[in-house]
Amino acid sequence: MTDESTHDDSPHILSDRGSGGGDAGDASDRDGAGDAGDVGATSDADEADGFHAFWADVIADEVESRDPTDPIVIKGGVSPSGVAHLGNVNEVMRGYFVAGVLRERGHEVRQVFTSDDKDPLRKLPRKLANPDGEIVGLGDVDAGALGRNLGKPYTAIPDPFGERESYAAHFAALLRSDAERLGVPVEMASNTALYAEGAFDDAVRTVLSDLDGVRETLGQYQDKVDGEYVPFNPVCSACGTVTETVTDVDLDAETVEYRCTDLEVDGDTIEGCGHEGTATFREGKLPWRLEWPAQWDVLDVDFEAFGKDHAEGSWPSGVDLARTVLGIEPPVPMVYEWFTLGGEALSSSAGNVITVPEILAVLEPAVVRYFFALHPKRARDLDIERIDQLVDRFDRFERAYFGGVDDPALTRFAERAYPFVVGRVDDPPTEKPVRLPYTFAAVLGMVDDPAFRERLARDEGHIPDDAPKSAVEAALARVEKARNWAERTGNEYDYRLQAELPDVEFADDVAAALDDLADFVAAGHDGEAIQGEMYETARDHEIEIADFFQAGYRLFFDDTQGPRLGEFLGELEREYVVNRLRREA
RNA sequence: GGGCCGGUAGCUCAGUUAGGGAGAGCGUCCGGCUUUUAACCGGACGGUCGGGGGUUCGAAUCCCUCCCGGCCCGCCA
């Protein structure tokens with residue numbers, strides 16, 4: 001009915017500047033009705049003039065302006081086709097922030113995540129993830145079994161790892177555990193299950209009852225849609241593949257007639273078996289362009305975030321089909337820009353991916369959530385080599401929340417977003433957590449002894465004297481992350497204290513200097529004194545200071561460089577240091 | 001070819017909603033911490049805000065245009 005221009009349905013609502021501000025013509029009917037009642041009653045945390053420092057508030061405003069009925073439904077979803085990487089996390093984390101804001105405003109909110117698992121497996125993935133989320137190659141599983149199942153729904157293909165009921169269930173379980181690790185409670189919904197229980201029956205009936213309408217609308221977006229097009233893909237009862245050739249529709253019986261024909265995928269052909277049969281509305285699926293709007297209808301979706309790949313394809317056609325065929329209003333959309341990993345596009349086939357377990361090996365969950373709290377529309381790069389920069393930014397963001405940074409813009413953003421980032425909306429922290437700078441944590445990661453780590457952190461002033469035990473433990477947890485980072489990247493912090501004496505030899509004068517230093521340490525001195533004595537000893541023996549330090553690094557790290565040596569040695573067990581300096585153990 | 005999104009310092013990013021000082025952290029350089037050895041402190045250097053044009057007293061911000069990158073207009077999420 002309401003024939004609004006596509007401009008008004010732009011999913012780029014965080015980019016539109018002053019939308020509706022220019023044209024007097026269309027501003028009246030869209031904004032006028034919704035605004036009057038409830039705009040003034042929005043969040044108390046907002047400034048009165050409607051400015052928002054946090055994008056999730058902008059989205060929440062838009063959702064509220066449509067007068068949704070509780071519970072508000074926020075959806076995300078992916079096809080469980082293979083390795084879920086950090087890019088897919090957008091689908092849950094973006095919704096997490098919007099859900100949090102809406103709950104804070106007093107709404108009941110459900111966050112639903114669909115596994116679009118009735119889609120067919122179109123080609124063999126090059127990489128898979130095992131039940132622990134670790135990436136493995138196709139050679140580690142029965143690739144032949146997968147190859148024989150091309151064209152079948154993911155839920156009809158056995159789990160390559162033999163643990164769950166299907167390929168889809170395997171990857172859906174990984175997605176759920178990813179969300180849980182990030183502290184995001186989501187309701188998982190299986191598309192296959194929704195079809196099986198009849199949830200899509202009404203939508204399928206509506207679509208197949210209005211073939212002319214579907215063809216006319218969708219034909220404006222897809223050239224392949226012609227007078228013969230039928231928007232339903234039955235699953236062949238003979239061979240189990242998803243087919244595309246429907247020859248007749250029987251609305252009374254709620255069935256379709258089909259012929260199992262070939263499926264073209266990327267130049268390859270998945271052969272149909274030629275079987276001719278009958279399928280019910282539950283024994284097939286809608287094509288994506290219609291299935292997406294049907295999900296909005298079935299799940300009553302109020303908001304959905306999606307990648308920019310959908311923005312100019314299935315979103316505009318989905319909006320149109322929702323209104324003209326299904327008779328519903330589409331949800332509030334939000335497009336997120338893709339991020340790059342180390343400057344390159346995420347690509348599972350090229351191996352340029354990082355999974356949630358992998359990122360959580362080097363980052364605390366709050367830091368990952370912080371990354372996804374940043375503006376969704378900005379092009380950004382996630383660089384593992386310099387992940388310390390991201391952590392530094394998080395620490396600064398956290399300090400800003402506690403009023404410790406002279407940066408009004410950052411402080412406004414932090415005051416609003418921080419409680420959601422740390423998952424403490426209802427009882428925000430009142431004391432700033434103790435944090436070790438990430439690179440300092442990497443230095444501590446060079447040794448295993450927890451007591452050593454804590455001593456050194458205290459000596460360097462990173463842990464206040466009155467910090468409670470739990471805060472200290474939480475701070476030291478970062479050391480394991482930073483150590484994993486150093487090992488993964490092999491960077492300048494990737495040193496390990498050598499438990500065994502490295503196989504080394506020194507010139508006589510260097511050896512004599514080491515013996516003198518050993519005597520000094522044995523006499524009992526602190527790290528600062530040892531550091532100073534190293535210079536004295538080198539001078540006494542007329543050797544280059546650089547050579548002497550290098551000898552020390554060779555003995556303790558079997559390397560030519562390392563951390564500030566004297567103070568480091570001062571924290572280690574004295575007997576160990578003395579013996580090592582004497583090259584005895 | 002058409003449409004959409006993105007482009008701010010060497011790096012990672014704020015600032016674009018609401019036009020007014022071009023900013024932060026890191027890196028680099030210099031200096032300090034008795035003594036060059038990656039942790040700590042201070043300072044400096046560093047940008048045609050992708051280019052050009054326009055509106056304005058004033059533009060990173062609004063308009064036009066061009067360049068570069070990504071995405072969509074086939075399939076698929």
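The values are calculated or read from the model by the stated rules, or taken from the named source; none is laboratory data. Everything quoted here is computed from the prediction, not taken from an experiment. Quick reminder, even Gly has a Cβ in these numbers, built from the backbone with ideal geometry, and neighbours come from all protein chains shown. To get the accessible areas, we keep the full protein, side chains included, count just its heavy atoms, and leave off ligands, DNA and RNA. Shrake-Rupley method; radii C 1.70, N 1.55, O 1.52, S 1.80 Å.
Per-residue ellipticity at 222 nm from helix content only, as computed over chain A with -39500 (n - 2.57) for each DSSP H run of at least four residues, stands at -13000 deg cm²/dmol. For the range A:493-585, the share of accessible area belonging to carbon and sulfur comes to 38 percent (1.4 Å probe, ligands and nucleic acids excluded). The stretch between A:LEU138 and A:ASP508 holds 127.6 nm of extra length on full extension. This uses 0.36 nm per residue minus the Cα-Cα distance. Take chain A with all the other protein chains still there, run a 1.4 Å probe, and you get 46 Å² of accessible area per residue. Comparing A:PRO234, A:VAL353, A:PHE548 along the charge dipole axis of chain A, the residue lying farthest to the positive side is A:PRO234, per the Cβ-charge model. Whole Å is fine, so just give me how far the alpha carbon centre of the range A:332-351 lies from that of the range A:472-490. The range A:332-351 and the range A:472-490 have Cα centres spaced 26 Å from each other. Pairs spanning more than 25 Å between alpha-carbon atoms, out of A:LYS308/A:LYS481; A:LYS123/A:LYS377; A:LYS127/A:LYS224; A:LYS377/A:LYS432; A:LYS75/A:LYS118; A:LYS127/A:LYS377: A:LYS308/A:LYS481; A:LYS123/A:LYS377; A:LYS127/A:LYS224; A:LYS377/A:LYS432; A:LYS127/A:LYS377. Full extension of the chain between A:ARG148 and A:GLU584 yields a length gain of 150.7 nm, computed as 0.36 nm times the residue separation minus the alpha carbon distance.
The slack in the chain from A:ARG412 to A:ASP67, taken as 0.36 nm per residue of separation less the alpha-carbon distance, amounts to 121.4 nm. Between the range A:158-203 and the range A:526-543, the alpha-carbon centres lie 63 Å apart. Counting only residues at least eight positions apart within a chain, or on another chain, the aspartates and glutamates with an alpha carbon under 15 Å from that of A:LYS469 are A:GLU431, A:GLU454.
Taking every DSSP beta bridge that has both ends in chain A, the antiparallel portion is near 50%.
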